[in-house]
Structures are given as structure tokens and as C-alpha cells.
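The block underneath contains the structure these notes are about, expressed in C-alpha cells.
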Amino acid sequence: MVQILGYPHQIPHKSTLLLMTPLPKPELLMRIRLLLPHRQYPDTQLPPSTQPSLTAVWFSSTYPPKLEKEQCLTMEPPKLEKLKNWTVQSYKYTKQLVGEKMGHSTRTYDKDLEDRIKEIKIVREQYNNMFKESTALYTRFDAMVVSQRNMRNQFQSLIAHAPELQDQLQANATTMSILEKNGEGLLAAIKSFNDSLNTLVNYTIQDTLLTVRNYENARIEYDAYRNDIEALKHQPQSEANANKLIE
């Protein structure tokens, strides 16, 4: 027997005692009873003591209580229902998609909408190719402007070493400086053009294609349920088929 805060109780072999902060005696008794719900204590008061009380917490292999198998199976039914619905929808979606590829299932077809979607994809491909070429043009033209800047510096450095060619070298340096200045302006224009193309191709048209993809997924799911309903309508009338049709 071990005395815990003035109350006799036998401690199991694998238990652990943790000493917490001092608490008043009535609250201490309430804490011990709440932490040990599987033990029954008589309604007695703790013996008076002039020393501060310490809260003793008892942990054992039976706390918290183990859940029964039936309790585990019935936990959180909304999540199980969501998992069931997701599994059924995924199966129907895959079945409809494979059926369309194999030619076994019918699909909803809107000719005007399908033509517009094809046109958007073609336009997006063309703009994407233009963006790639424009990016390559900017890279090459930027390298040419750098070369013109280096040529200007070389002409200016040769003036001091070849005074007899000063006029020709200065004219060439001036020409390279003009080409460099005009090239920088053209580079700025190409960069602005590339930024606009990037926004159009990778954001505007991409968002449109994302909407098209969501529409296609919804269309496949709709066709899957539509084909199931049509198949059930052609089956013999029975209570099971009626329940499936309602579902």
C-alpha cells in the first residue's frame, strides 16, 4: 500500500506518478476521481494536513479505456459515407471513360461547343509556338547587343594606341553606340511582348482550358449516370431495380 495525498491506494507495478502544481484539497480529490474513472472511492474527505497538497496522476495500460470492435466500426459514419460515394463515383467515371474509348458507351455531344474547344486548343498551340520563337529572338538579340557594346569598348580603347586611325575608330565606336542604344529599345519592346504572350498562353488560355477540363469531367460523370439509368430502364421491373433507379 502507498499513501497518495493522504488516501490509501495500491499502485500497479507498471504505473508512473507525475507530481504537478499544488491545488486545494477538494479540487485535488475531484481531479483524482476524474483521472481514475474505473476506480470507486468512498465519499470521504481527505485528512487535514498543514503541508501543501500535490496532484498525483496515475497512468496505466488500461487508461484510456480500450474501444470495442463494434465501437470502432461505427465511428465517424460521415467519413465512411464520403469514402463510399467517392469510390462509386470513381468507378462509374472510369467505366464510362473506358467505354467511350472502346466504343461501348454513348456520350453527350454538343457540336458547336466541341468546335469551339478545338479552336481554343489550336489557337493556344499557335500562340505557344510564337512565344517560344519570341523568347529565342530575345535571347539572341540580347547577345547581339552585348557584342555591339563590347565592340564599342574595343574601338574606343584602340583610339589611344592608334592615333593615325582615330577618325575611323571613333566613327565605328559611334556607330556601335547607336546600334546598342537602338537595340536596347528593341529589347525592351520584345520583353514587353513576351510578357504579354506569357500571360495570354500560360494564364488566360490555361484557365479557359482548365474550365474545359472540369466541364469534360462533369460531362463524363453525367453520361455515366445517364447510361446506368437507361440500362436499368430496359431491365425487367423489380423492387431491386426500382431501388437502384431511385439511388
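The values are calculated or read from the model by the stated rules, or taken from the named source; none is laboratory data. Keep in mind that what you see is a predicted model, and the values were worked out from it rather than measured. Cβ placement follows ideal geometry from the backbone for every residue including glycine, while neighbour counts extend to all protein chains displayed. Areas reflect the complete protein model, heavy atoms only, side chains present, ligands, DNA and RNA absent. Shrake-Rupley method; radii C 1.70, N 1.55, O 1.52, S 1.80 Å.
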Given a 1.4 Å probe and the protein chains all in place, what does the accessible area of S196 round to, in Å² to the nearest 10?
-> 70 Å²
Once both labels are modelled 7 Å past Cα along the beta-carbon direction, what's the D112-V212 spacing in nm?
-> 1.8 nm
Please give, to one decimal in nm, the separation of the simple spin-label points placed at R140 and Q126, each 7 Å out from Cα toward the Cβ.
-> 2.3 nm
Farthest towards the positive end of the dipole of segment 85-207, among Q166, T204, L137 and with Cβ unit charges of +1 on Lys and Arg and -1 on Asp and Glu, lies the Cα of T204
Inter-probe distance in nm under a simple model that places probes 7 Å from Cα toward Cβ, at K79 and R219 = 3.7 nm
Which translational diffusion coefficient, to the nearest whole µm²/s, is obtained for segment 123-233 from the Stokes-Einstein equation, given a Kirkwood hydrodynamic radius over C-alpha pairs, 4 °C and 1.567 mPa s?
-> 70 µm²/s
Pairs K95/K233; K132/K191; K132/K181: which exceed 21 Å Cα-Cα?
-> K132/K181
Highest mean packing first, using Cβ neighbours within 10 angstrom, the peptides 210-221, 148-159 sort as 148-159, 210-221
To the nearest 0.05, what FRET efficiency results for A162 and T204 with a Förster distance of 51 Å applied to their C-beta separation?
-> 0.35
